[in-house]
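Just so it is clear, none of the values below were taken in a lab; they were calculated from the coordinates. This structure is a prediction, so every number in the text was calculated from the model and none was measured.
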């Protein structure tokens, strides 16, 4: 890392887990706290970048000196990312957008009945795959098995330059904690395993790669 090595660059960062409505009261969500994405946004700001943070609901305060767009659903995140990436140098997709969403959200609260409730889920948009243009794309992969194999497939399918993969079953790694143990995998297939470190330290290691790719 070199001081202001991202000065003059614009980076779009996403954070948190989206909420997909079942009805006006209930939603489908996930355990993402947004801590990793916020750490990336703050680290990029400190390295001189202009940062646009697109945040799903979290308990975190907006970071100073960062433009923040608050969204809830994966559709809203997709629209905000596509708009934000028009003039961006890099997209760092640290958020956990839903893979599936209810196909027909109810307009009114669903009342509790005697039986069960069946939801039809439809595939949600894949934001990384939909972003086009001359910018770096960095994805995050939360896995519970076959970490390298699953992440390599995502990297190829989504046309990314780098993926940050972590096994969320390991202690101190993944959701709702301040640390992470990640593996960096680039589009050449190079794999770098990092030790357990704070999410802010992980953010800087990812940004080291981003700065190098932008220089190259």
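Miscellaneous remarks
- Considering only 32, 141, 198, the mean-square fluctuation computed in a Gaussian network model of the chain, springs between alpha carbons under 10 angstrom, is largest for 198.
- Prolate/oblate/rounded call for the range 117-208, Cα gyration tensor, a/c under 1.5 rounded: oblate
- Global form of the range 1-63, assessed from the alpha-carbon gyration tensor, a/c cut-off 1.5: prolate
- GNM top mover of 130, 42, 149 - the chain, alpha-carbon springs below 10 Å: 149
- Three-way shape label, the range 164-216, alpha-carbon gyration tensor, a/c 1.5: oblate
- Per residue of the chain, the DSSP helices (runs of n ≥ 4 H) give a summed -39500 (n - 2.57) that works out to -8000 deg cm²/dmol at 222 nm.
- Dimensionless Rg over Rh [the range 17-172; C-alpha; Kirkwood]: 0.99
- Put simply, the convex hull of the Cα atoms in the range 93-162 casts, on average, a shadow of 7.1 nm².
- GNM remark for the chain: springs join alpha carbons under 10 Å apart, and the peak mean-square fluctuation among 169, 18, 58 falls on 169.
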